[in-house]
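Note sheet for the following structure.
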Amino acid sequence: MIEARIGSAVGDLPATEWDALAGGNPFVSHAFLTALEESGSVGPGTGWTPAPITIADAQGRLIAALPAYLKAHSQGEYVFDHSWADAWHRAGGSYYPKLQIAAPFTPATGPRLLLADPALAGPLLKAAQQVCEENGLSSAHATFIAPEQLALFKAAGWLARSDIQFHWENRGYGDFEEFLGALSSRKRKDIRKERAAAQEGVDIQALRGDEILPEHWDAFWLFYQDTGSRKWGQPYLTRAAFDLLGKRMGDSIVLVLAFIQGEPVAGALNFIGPDTLYGRYWGARIDKPFLHFELCYYQAIDVAIGLGLSRVEAGAQGGHKLARGYEPVETWSAHWIAHPGFREAVADFLERERAGIAADRNFLEARTPFRKGG
């Protein structure tokens, strides 16, 4: 018999055992998730209540886990279900709380089923469903699933939902100029002009590990607050989160900062995975043409090539990334709906939505900046 347990914090679980299941992905690592817990970015008052679901072997060692949260709203997920919540409320139901299986505030693909053995996927997802049923939760949602895990969710009867992000693929480029050589002549010229304009009068530094000092985090926090306030109403991460992330994950972080006369004026935060550079947050206190593209997209390509990484995931949305060599990629989420009638309605919606997403991706793929036949 397999027994699953629901906990109250990832921090209560052994780091080495959790990370052995996480596969090196930075956003489901023990360090990242506990930094969010200890900094108050998730927990009381945030609408994100940690509820990790785990399975242990006979000796008590973790062999399967879900990074799960009880959600009191749909903020910080980047897969939008507000229309579902509205429909359920209008029908007299209570959509919240729901169960969210995710890396909080992080639209980056990765494992959501942390497994020592794929055969444990079914029992683990059954446990998530049981949590919903026993506690009267409307639904469970797993967002930005690693594509290779989608079949495990489908096998358990979860509904699949697709969307589009823009990722950069490293086709063995030796440097940025070699990447530009794969683009059409006009796009090469455009990008060179953008980079020259962004770099004029600016000193750009890519910092990692011990190179990132407290004053760098102080500056980036101001940039992040400004962006968060404009985009989300308030920032998701607390100031303490950045200190903890820098302390625990510094070697997995690249902080790109722009300086004018020694003063930081803009920055972009990236995380390093086994084969991917993940662009996460950006902010600035000046309005300089193309500086956003330089710090978030072109510098990320430079770093990825230098580290020999296979791709760059530049975060959610952003069709402007297409002209800068980032290509449309399908991303996936999976959803379990408790009520049979509501589940049927959502399934019908998703089938129609997928057709639209597929058409959008075909349209975008035909408009990448690469040389035809190159």
Quiz item: Where in the stretch 42-58 does the label zone of Tyr96 land, with the point 7 angstrom along Cα→C-beta and an amide N cut-off under 16 Å?
Solution: 42-50
Quiz prompt | Within a Gaussian network of the chain (alpha carbon springs, distance under 10 Å), most fluctuating of Val42, Val312, Val131 | solution = Val131
Quiz item: Of all accessible surface on the chain at a 1.4 Å probe, what whole percent is carbon and sulfur?
Solution: 51
Practice problem: Mind checking the full-extension length gain between Asp275 and Asp360? Use 0.36 nm per residue of separation minus the Cα-Cα distance, one decimal, nm. | Solution: 27.9 nm
Self-check item: Antiparallel %, DSSP beta bridges [both residues in the chain], to 5
Solution: 90
Quiz item: Fully extended, how many nm does the chain gain between Ser162 and Arg5 (0.36 nm per residue separation, minus their Cα-Cα distance)?
Solution: 53.5 nm
Quiz item: What angle do you read, to the nearest 10 degrees and between 0 and 90, between the alpha-carbon axis of helix 239-249 and the longest principal axis of the chain?
Solution: 90
Quiz item: For q = 0.21 Å⁻¹, what log10 I(q)/I(0) does the stretch 1-135 give under the Debye formula with an equal point scatterer on each alpha carbon and no solvent?
Solution: -1.33
Quiz item: Which cross-chain or sequence-distant (5 or more) residues have an amide H under 5 Å from the amide H of Ala314, H modelled 1.01 Å from N in plane?
Solution: Phe166, Trp168, Gly279
Quiz prompt | FRET efficiency, Ala338 to Glu169 (Cβ-Cβ, R0 51 Å, nearest 0.05) | solution = 0.85
Quiz prompt | For peptides 67-79, 110-122, sequence by mean Cβ density within 10 Å, most packed first | solution = 67-79, 110-122
Quiz item: How high is the FRET efficiency from Arg61 to Ile260, r the C-beta distance, R0 56 Å, rounded to 0.05?
Solution: 0.60
Self-check item: Over 21 Å [Cα-Cα, the stretch 238-374], rounded percent
Solution: 58
Exercise. Mind giving me the nanometre distance, one decimal, between the label points for His320 and Phe349, set 7 Å out from Cα along Cα→Cβ?
Key: 3.0
Quiz item: What is the gain in length, in nm to one decimal, between Ser310 and Gln205 on full extension, counting 0.36 nm per residue of separation less the C-alpha to C-alpha distance?
Solution: 35.6 nm
Self-check item: Reachable lysines from Lys189, criterion Cα separation under 22 angstrom, eight or more residues apart if same chain
Solution: Lys288, Lys321, Lys372
Practice problem: Determine the equivalent ellipsoid of the stretch 143-189 by diagonalising the alpha-carbon gyration tensor, then write out the semi-axes as square roots of 5 times the eigenvalues, largest first, rounded to whole Å. | Solution: 37, 12, 7
Quiz item: Which one of Ser39, Phe80, Tyr69 has its Cα pushed farthest toward the positive end of the charge dipole of the stretch 1-102, where Lys and Arg give +1 and Asp and Glu give -1 at the Cβ?
Solution: Phe80
Quiz item: How much accessible area per residue does the chain have, in Å², with a 1.4 Å probe?
Solution: 43
Quiz prompt | Share of Cα-Cα pairs in the chain lying beyond 25 Å, as whole percent | solution = 57
Quiz item: Looking at the stretch 245-326, which trypsin sites (Lys or Arg not before Pro) are in a loop (DSSP not H, G, I, E or B) and have at most 15 other Cβ atoms within 10 Å?
Solution: Arg285
Self-check item: Accessible surface ranking that places the most exposed of Cys296, Cys132 first, with a 1.4 angstrom probe
Solution: Cys296, Cys132
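The values are calculated or read from the model by the stated rules, or taken from the named source; none is laboratory data. Just so it is clear, the model here is predicted, and its values are computed rather than measured. Here the Cβ is made from the backbone with ideal geometry for all residues, glycine too, and neighbour counts use every protein chain on show. For the accessible areas, the whole protein counts, side chains as well, though only heavy atoms, and no ligand, DNA or RNA atoms are used. Shrake-Rupley method; radii C 1.70, N 1.55, O 1.52, S 1.80 Å.
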